[in-house]
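Student: Take a look at this one; I'll ask things after.
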Amino acid sequence: MIKQRTIKQSVQEVGIGLHKGDKVTMTLRPAPANTGIVFRRVDLEPYADIPARANAVGDTMLCTCISNQDGATISTVEHLASALAGLGIDNIIVEVDSDELPIMDGSASPFIFLLQSAGIEELNAPKKFIKVIKPIRVEQEDKWAELRPYDGFRVDFRIDFDHPVISQTRQHMVLDLDSSSYVDEVSRARTFGFMKDLEYMNSKNLALGGSMENAVALDEYRVLNPEGLRYSDEFLKHKILDAIGDLYLGGHSIIGELVAYKTGHGVNNKLLNALLDNQECWEFVSYENQDQLPISYANPVAAYS
């Protein structure tokens, strides 16, 4: 039986929130089988639990923000959710003393490191996958995204930025994803933005924590970060990273192919909700052994001890 996963022990990190620029303490804690991903606001009295759910997503302008029925919110969940998806972790409690997660370096890599440091433990319960059995598509203006049946998890992703730096990099990729390819090819890709937009957002008290420490910054002509890019196609790969995290708010790994053009958090969430709302397009599946599993996850003991 392919089993559900959590982390072995708690681990804590302190960082800066992207939007307010305040210090945020985050603690990742193990959770029992069938808990799912739960964000816990420990700065509220009483503590507020915000389960990761597709229909809990609200604001998607600068990040993915989710809320519970009482109105408690947590922002910038997509990078951690992406890391959890990449490592196949089903159950975890994420405690934060703020209304946003720390941005870290703008990628999923620091979260991968924290999860690896905590260790990964299998639980005595079957892991459920969402298997796409019929295509489903959503559109928004010139952006669109589609999930198709596929025996694995593959992304066919295209972006289109009219910028001299981005236009010189790869803006289309087809990639089969598992733990190894996610960590190596996607997880280190940072969020990116334009200095003119950052200056405007700062004037509106937004993105106050944004800097070249946690994003790739661009002016009208070039990358401003002294170290340059981590991947030659970092812009494309970060959009893939975001999409993986946004789709993992469905609570389960997806067996299927994501085909997308110019998507962002809003379209990603629209696609996930459309899939879950159309029961004829998907089914839950579990697997008895590793040979049947179309997505490979690193051995939790050997790889992350």
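The values are calculated or read from the model by the stated rules, or taken from the named source; none is laboratory data. As the structure is a prediction and not an experimental result, all values here were calculated from the model. Cβ coordinates were reconstructed from backbone atoms using ideal geometry, including for glycine residues, and neighbour counts include every protein chain displayed. When the accessible area is computed, the model is the full protein with side chains, heavy atoms only, and any ligands, DNA or RNA have been set aside. Shrake-Rupley method; radii C 1.70, N 1.55, O 1.52, S 1.80 Å.
Student: Straight-line reach from Lys23: which aspartates and glutamates have a Cα under 20 Å away, not including same-chain ones fewer than 8 places off?
Tutor: Cross-link targets: Glu13, Asp43, Glu45, Glu78, Glu95, Asp97, Asp99, Glu100, Asp105, Glu213.
Student: Just the accessible area for Tyr297, please: 1.4 Å probe, Å², rounded to the nearest 10?
Tutor: Around 40 Å² of this residue is reachable by solvent.
Student: Normalised by the empirical 2.2 N^0.38 Å for globular proteins, what value does the Cα Rg of the chain take?
Tutor: So the Cα radius of gyration is 0.95 times the expected 2.2 N^0.38 Å.
Student: So, one more: Would you calculate, for the chain, the mean residue ellipticity at 222 nm contributed by helices, counting each DSSP H stretch of 4 or more residues as -39,500 (n - 2.57) and dividing by all residues, to the nearest 500?
Tutor: It comes out at -6500 deg cm²/dmol, rounded to the nearest 500.
Student: Now for a separate question. Quote the relative contact order of the chain in percent (integer), defining contacts as alpha-carbon pairs under 8 Å separated by 6+ residues.
Tutor: Contact order relative to length: 27 percent.
Student: Report, to the nearest whole %, how much of the accessible area of the chain belongs to carbon and sulfur atoms, 1.4 Å probe, protein only.
Tutor: For the chain, the apolar C and S fraction of the accessible surface comes to 46 percent.
Student: Could you compute how much accessible surface Asp219 exposes when probed at 1.4 Å, giving the result in Å² to the nearest 10?
Tutor: 40 Å²
Student: If you don't mind, there's one more thing I want to ask. Kindly provide the pair-distance distribution of region 157-305 built from C-alpha pairs, with 10 Å bins from 0 and whole-percent values in order of increasing distance.
Tutor: Spelled out bin by bin, region 157-305 gives 9, 32, 33, 19, 7, 0 percent.
Student: Further question: So which of Lys143/Lys270; Lys143/Lys239; Lys20/Lys237; Lys196/Lys270 end up more than 22 Å apart, counting from Cα to Cα?
Tutor: Lys20/Lys237; Lys196/Lys270
Student: Could I ask something else about it? Take the alpha-carbon positions of region 37-140, form their convex hull, and give its projected area averaged over all directions (one quarter of the hull surface) in nm².
Tutor: Average of the hull's projected areas for region 37-140 equals 8.6 nm².
Student: Putting +1 on Lys and Arg Cβ atoms and -1 on Asp and Glu Cβ atoms, find which of Val223, Leu236, Val174 reaches farthest to the positive end of the dipole of region 169-291.
Tutor: Of the candidates, Val223 comes out farthest on the positive side.
Student: Efficiency by 1/(1 + (r/R0)^6): what FRET value for Phe284 and Lys3, r their Cβ-Cβ distance, R0 = 22 Å, to the nearest 0.05?
Tutor: The formula returns an efficiency of 0.90 here.
Student: Can you tell me the accessible area per residue over region 36-195, all protein chains present, probe 1.4 angstrom, in square angstrom?
Tutor: 41 Å²
Student: Between Glu220 and Glu141, what's the calculated FRET efficiency when r is the beta-carbon distance and R0 is 30 Å? Round to 0.05.
Tutor: 0.80
Student: Hey, what do the phi angles of region 155-166 turn into as Karplus ³J(HN,Hα) couplings, whole Hz, using 6.51/-1.76/1.60 and θ = phi - 60°, x for Gly and Pro?
Tutor: With coefficients 6.51, -1.76 and 1.60, one gets 10, 10, 10, 9, 10, 8, 10, 8, 9, x, 6, 5 Hz.
Student: Report the net charge of residues surrounding Gly86, where surrounding means a beta-carbon distance below 11 angstrom and charges are Lys +1, Arg +1, Asp -1, Glu -1.
Tutor: Residues close to Gly86 contribute a combined charge of -3.
Student: Rg and Dmax of region 45-93 over Cα atoms: what are they, in angstrom?
Tutor: Values for region 45-93 (Cα only, Rg and Dmax): 11.3, 33 Å.
Student: Tell me which residues come under 5 Å, amide H to amide H, from Glu100 once H is placed; ignore anything under 5 positions away on its chain.
Tutor: Here the answer is Ser75, since their amide H atoms fall under 5 Å of that of Glu100.
Student: What are the extents of the Cα atoms of region 83-237 along their three principal axes, in Å, largest first?
Tutor: 51, 38, 29
Student: Principal axis lengths of region 136-184 from Cα atoms, whole Å, largest first?
Tutor: 36, 29, 12
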